[in-house]
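Have a look at this one.
The values are calculated or read from the model by the stated rules, or taken from the named source; none is laboratory data. Small disclaimer: the values here were computed from a predicted structure and weren't measured. We place every Cβ from the backbone using ideal geometry, glycine too, and count neighbours over all the protein chains shown.
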Amino acid sequence: TVGMPAGRLLPLLLPLSCAAHADHQPRCDRELAREARERVDALAISAASWAGSELSSTCVLHPELDRLAKQESGKKRKQGLWSCPECKKKFRNERFLDLHLDNKHSDSLDFVNHVCLAEYCDLL
């Protein structure tokens, strides 16, 4: 079998703390989702690539199914200010931008066909 043994990957995945998302609120915890996204990128996607494969498009960890990916990738930080990818409003820190996105632009998120990676922390 080509690839890294699962037993060697598991210790790398476990440090992601997900206890803060135990209530499973409808909103996606952006901070935990960012942390999960980094783990998926660094481990699952790179491991699949290393094995000469890729994640199935139906896998919940596939980047195209990440509910927040488009908004997150559109965030810009310039001269110490964060810019909203939807309306270009400026914020002094990412936390306030996250709150703004949740409060003003959640209607642009696909809650049916996409997943919140923070909800899969137990897998990571």
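With Asp122, Asp29, Asp66 as the choices, which residue is in contact (Cβ under 8 Å) with a residue 60 or more places away in the chain and surrounded by 16 or more Cβ atoms within 10 Å (Cβ to Cβ)? Break it down into steps so the answer makes sense when it comes.
On the way: Asp122 fails: surrounded by 16 or more Cβ atoms within 10 Å (Cβ to Cβ); Asp66 fails: in contact (Cβ under 8 Å) with a residue 60 or more places away in the chain.
Answer to the check: Asp29.
Let me ask something additional. Only one of these is touching a helix residue (DSSP H, G or I) at 6+ places or on another chain (Cβ under 8 Å) and either part of a helix (DSSP H, G or I) or more than 20 Å from Glu38 (Cα to Cα) (or both): Asp107, Asp102. Name it. I'd like the intermediate steps shown before the answer.
Working: Asp107 fails: touching a helix residue (DSSP H, G or I) at 6+ places or on another chain (Cβ under 8 Å).
Unique residue meeting the criteria: Asp102.
Which residues, taken from region 33-63, are without any contact (Cβ under 8 Å) to a residue 12 or more places away in the chain and closer than 21 Å to Arg95 by Cβ?
Glu38
Kindly indicate the residue of region 52-91 that is touching a Phe, Trp or Tyr at 6+ places or on another chain (Cβ under 8 Å) and assigned to a loop (DSSP other than H, G, I, E, B) and also nearest to Asp110 (Cα to Cα) among those meeting that condition.
Among those that are touching a Phe, Trp or Tyr at 6+ places or on another chain (Cβ under 8 Å) and assigned to a loop (DSSP other than H, G, I, E, B), it is Arg67.
Would you mind telling me which numbered condition in (1) over 12 Å from Ala118 (Cβ atoms); (2) modelled with pLDDT under 95 His24 fails?
(1)
Name the residues in region 100-109 that are over 16 Å from Ser73 (Cα atoms) and exposed (fewer than 13 other Cβ atoms within 10 Å of the Cβ), would you? Outline the logic, then answer.
As a first pass, look at region 100-109 and keep what is over 16 Å from Ser73 (Cα atoms): 103-104, 107.
Within region 100-109, Asn103, Asp107 meet the criteria.
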